[in-house]
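Below is one structure, written out as structure tokens, with a few remarks after it.
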Amino acid sequence: MRYHNITHDDMLNGDGLRVVLWLSGCDHCCDGCQNPVTWDPEGGLLFDDAAEKEVFDQLDKSYISGLTFSGGDPLFPANRSDVRTFAAKVRERYPDKTIWLYTGYSWEDIAAYPVMEYLDVLVDGEFVKKLKDNRLLWKGSSNQRVIDVKKSLEAGKAVLYCNDYENDTAGFQPKTGCDS
């Protein structure tokens, strides 16, 4: 597995403060992609013991909510096995941290992938430039979905993720629904 960057204390790619692993390889090549440099599966650096230690050092911090796989596409065929293996290792070592994964594939096409048993949230769908909306939470275009993986696996269909609180003018208030 190859990667381009490991982001520390990230607030944009999942709930809470996260460590983000930006993987190499993507065959979606979406028009307007924010990371076209990550498309080349041979680009970036080899994910080695030092990179793994860097991720673990970040996850050891109590204020880090979890790990996000992004890219490129973590589910690019050359990445799938290594992402599953690393996700399993993270889940075993940090059972209370969440694991998010961004992919251009749709839930319906990948729900049976073995990595799903280790994920909490999946953001699915290709980025569509004409549907871009900077106001969207955790996704770039309105066709993409933020999916609760465990509930979706139980239901046998995509179930949208809903964090427990949303920020409004009165502070953090419980959400009443998850329609978006």
Is segment 29-50 home to any residue that is farther than 21 Å from K139 by Cα, of a type in the set (A, V, I, L, M) and in contact (Cβ under 8 Å) with a residue 12 or more places away in the chain?
-> yes
Discussion item. With the structure loaded, tell me whether G43 is at positive phi and either at pLDDT 95 or above or out of contact with any Leu (no Cβ under 8 Å at 6 or more places or on another chain) (or both) or whether it fails that test.
Written reply: no
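Would you pick out the residues in segment 90-116 that are in contact (Cβ under 8 Å) with a residue 12 or more places away in the chain and among the charged types (D, E, K, R)?
Step one: filter segment 90-116 for residues in contact (Cβ under 8 Å) with a residue 12 or more places away in the chain, giving 90-91, 93-94, 97-108, 110-111, 113-116.
Those that are in contact (Cβ under 8 Å) with a residue 12 or more places away in the chain and among the charged types (D, E, K, R): R91, R93, K97, E108.
From the residues in segment 135-180 that are of a type in the set (D, E) and outside any strand (DSSP E or B), which one is modelled with the highest pLDDT?
So the first thing to find is which residues in segment 135-180 are of a type in the set (D, E), and the list is 148, 154, 164, 166, 168, 179.
With outside any strand (DSSP E or B) added as a condition, the list becomes 154, 164, 179.
Numbers: E154: 96, D164: 47, D179: 45.
Within segment 135-180, the match that is modelled with the highest pLDDT is E154.
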Here the qualifying pairs (Cβ atoms under 8 Å; residues six or more apart or on different chains; first in segment 57-75 and surrounded by fewer than 24 Cβ atoms within 10 Å (Cβ to Cβ); second of a type outside the set (S, T, N, Q) and assigned to a helix (DSSP H, G or I)) come out as L59/V90; L59/R93; G66/L59
Scanning segment 100-118 residue by residue, the ones that are surrounded by 23 or more Cβ atoms within 10 Å (Cβ to Cβ) and under 16 Å from R18 (Cβ atoms) total 3
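The values are calculated or read from the model by the stated rules, or taken from the named source; none is laboratory data. Please read all numbers here as calculations on a predicted model, not as lab measurements. Cβ atoms come from the backbone with ideal geometry, glycine included; neighbour counts cover every protein chain shown.
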